[in-house]
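Colleague: Here you go, one structure.
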Amino acid sequence: MSKKIGILTYYWPPAGGSGVQRWLRFSNELAALGHDIHVFTFKSASYPIIDNELTKKVDSKIKVNFISGFELPGFLTNKNSNSAESFKSAGVKSFIRELFFFPDSRKFLITPSIKFIKKYIQKNPLDCLITSGPPHSMHLVGLKLKNTTNLKWIADFRDPWSNFIQNKFLNKLESTKIKHENKENQVLKFSDAVLTTSKSLNNKFKKKNHNTFYTPSGFENFIKPEIHNKFRILYAGSMKEFQNPINLWAVLKELIESDNSFKNLVEIVLIGNIDKNIIENKEFRLLQNTKIVSYLSKNNLDKEISISELLMVCSVNVEGSNDIIPGKFFHYLSSGKRILGISNKGTDLENIIKETKSGMSFSYDNHTDLKNYIYKCFGDYKGGKVNNQKIDNKFLASNIAIKIDKIVSKL
């Protein structure tokens with residue numbers, strides 16, 4: 001049965017990057033299932049990446065509403081987090097944000113969002129509202145509306161909240177950490193349903209809200225694999241310093257120096273916002289076969305993925321941050337190409353690579369096994385072995401949307 005579904009998301013076209021993909025896909029698929037979709041986003045959103053091509057992918061049946069609200073200047077947000085700034089200024093920025101901008105730098109969008117949606121539903125009643133975070137300020141909008149109206153509410157966690165990796169670096173006061181945990185617990189307690197993107201986070205949240213569902217981001221469509229004249233290893237997306245696969249750079253350097261064929265054929269391509277400390281790392285700088293591209297639209301990135309042999313994805317190399325599956329994993333998965341995971345033991349990323357049989361995952365301190373695997377993949381490439389894994393249709397966004405449809409219908 002058709003439902004009127006509201007979706008509050010900070011990231012919406014023309015925003016580029018991974019944050020926008022999840023609900024752009026699901027909104028389109030839910031509209032295709034016959035639901036009446038009402039998106040709430042922001043007029044002057046400060047997006048670090050712009051991809052105007054994505055605006056063409058929004059289903060014409062979706063009603064997009066833009067909320068006016070105050071945005072903090074860039075120097076207080078993460079927009080320029082990879083820019084050259086001194087340790088001192090970074091520390092000051094973190095301290096200011098921790099003291100005055102809870103739960104995040106989008107806090108000033110909470111009140112106007114509540115007012116806008118509350119007024120909107122008086123004329124256009126919704127069957128439910130989905131809030132997607134981060135920024136986790138979006139969930140506080142849902143919490144307030146839940147407590148002041150009869151609106152059914154689903155909280156979608158693209159990333160954890162209290163265990164959010166940015167919070168680990170920004171928040172040093174124990175009182176702030178407790179504050180995040182308390183708000184997260186309130187959201188879990190009062191939401192009618194909770195969506196998560198990893199199984200371990202799902203298990204954790206299910207203890208606090210039994211109506212919690214593992215909902216992977218999935219992919220929009222399949223990428224057709226193509227032949228390329230180079231043995232390409234590709235990484236797409238942001239790579240922070242705490243994701244730096246130092247052993248991988250060392251392994252590639254050894255293979256280049258020990259095998260002229262590998263040296264002549266290997267191509268290492270990084271596409272996205274790569275931390276300057278990684279680019280300046282001595283292990284990486286010693287590699288001669290690298291290419292760095294700042295950003296590509298999704299369509300162009302699909303083409304780059306289609307001609308690559310190994311698709312690299314790195315988890316967060318920080319203790320206790322094992323419950324994140326980067327959205328790019330599913331983008332890679334859609335190509336059937338081998339995925340090379342760099343991840344600590346027991347992470348959701350390692351587990352899903354095993355589950356999907358899409359490649360291999362190696363810990364950050366692994367050297368020998370990683371080297372042997374890359375060389376084996378290179379041997380397969382030279383031998384003309386087709387690199388095209390079988391892909392499970394359950395990760396198609398259209399099939400995941402059917403599960404979301406059932407969750408909404410049962411509220």
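Colleague: Among the residues of segment 173-186, are any among the aliphatic types (A, V, I, L, M) and more than 20 Å from residue 7 (Cβ to Cβ)?
Modeller: yes
Colleague: Moving on. Hey, any hits in segment 225-237 for a residue that's among the acidic types (Asp, Glu), assigned to a loop (DSSP other than H, G, I, E, B), within 27 Å of the chain's Cα centre (by Cα) and on the phi < 0 side of the Ramachandran plot?
Modeller: Yes: segment 225-237 contains one or more residues that are among the acidic types (Asp, Glu), assigned to a loop (DSSP other than H, G, I, E, B), within 27 Å of the chain's Cα centre (by Cα) and on the phi < 0 side of the Ramachandran plot.
Colleague: On to the next question. Exactly one condition in (1) among the small types (Gly, Ala, Ser); (2) open to solvent by 10 Å² or more (accessible area, probe 1.4 Å); (3) in contact (Cβ under 8 Å) with a residue 40 or more places away in the chain is false for residue 162; which is it?
Modeller: All conditions are met except number (3).
Colleague: Please enumerate the residues belonging to segment 189-215 that are assigned to a helix (DSSP H, G or I) and either at positive phi or within 21 Å of the chain's Cα centre (by Cα) (or both).
Modeller: 199, 200, 201, 202, 203, 204, 205
Colleague: Go through segment 310-333 and report how many residues are part of a helix (DSSP H, G or I) and over 20 Å from residue 377 (Cα atoms).
Modeller: Result for segment 310-333: 4.
Colleague: Output the residues belonging to segment 186-207 that are surrounded by fewer than 16 Cβ atoms within 10 Å (Cβ to Cβ) and under 17 Å from residue 159 (Cβ atoms).
Modeller: Across segment 186-207, the qualifying residue is only 203.
Colleague: Select, from 126, 151, the only residue that is touching a Leu at 6+ places or on another chain (Cβ under 6 Å), part of a loop (DSSP other than H, G, I, E, B) and not acidic (Asp, Glu).
Modeller: None of the other options fit; the residue is 151.
Colleague: Looking only at segment 102-120, how many residues end up being open to solvent by 30 Å² or more (accessible area, probe 1.4 Å) and in a helix (DSSP H, G or I)?
Modeller: Counting residues in segment 102-120 that are open to solvent by 30 Å² or more (accessible area, probe 1.4 Å) and in a helix (DSSP H, G or I) gives 9.
Colleague: Hey, another quick one. State all residues of segment 334-361 that are outside any loop (DSSP other than H, G, I, E, B) and in contact with a strand residue (DSSP E or B) (Cβ under 6 Å, 6 or more places away or on another chain); if no residue qualifies, say none.
Modeller: 338, 339, 340, 341, 342, 349, 350, 353, 359, 361
Colleague: Within segment 282-309, take every residue that is part of a loop (DSSP other than H, G, I, E, B) and more than 24 Å from the chain's Cα centre (by Cα) and give me the one that is farthest from residue 13 (Cα to Cα).
Modeller: Selected residue: 286.
Colleague: Considering 241, 254, 220, 226, which residue is closer than 21 Å to residue 371 by Cα and either open to solvent by 10 Å² or more (accessible area, probe 1.4 Å) or touching a Phe, Trp or Tyr at 6+ places or on another chain (Cβ under 6 Å) (or both)?
Modeller: Answer to the selection: 254.
Colleague: If the requirement is being crowded, with 16+ Cβ neighbours inside 10 Å and free of Cβ contacts under 8 Å to residues at least 60 places away in the same chain, which of these qualifies: 307, 324, 278?
Modeller: Only one candidate qualifies: 278.
Colleague: Now for a different question. Kindly indicate which of 300, 247, 281 is modelled with pLDDT under 90 and over 28 Å from residue 203 (Cα atoms).
Modeller: Answer to the check: 281.
The values are calculated or read from the model by the stated rules, or taken from the named source; none is laboratory data. Remember, predicted model here, so these are calculated numbers, not experimental data. Neighbour counts are summed over all protein chains in view; Cβ atoms, including those assigned to glycine, are modelled from backbone coordinates with ideal geometry. Remember, those area values only see protein heavy atoms, side chains included, never the ligands or the DNA or RNA. Shrake-Rupley method; radii C 1.70, N 1.55, O 1.52, S 1.80 Å.
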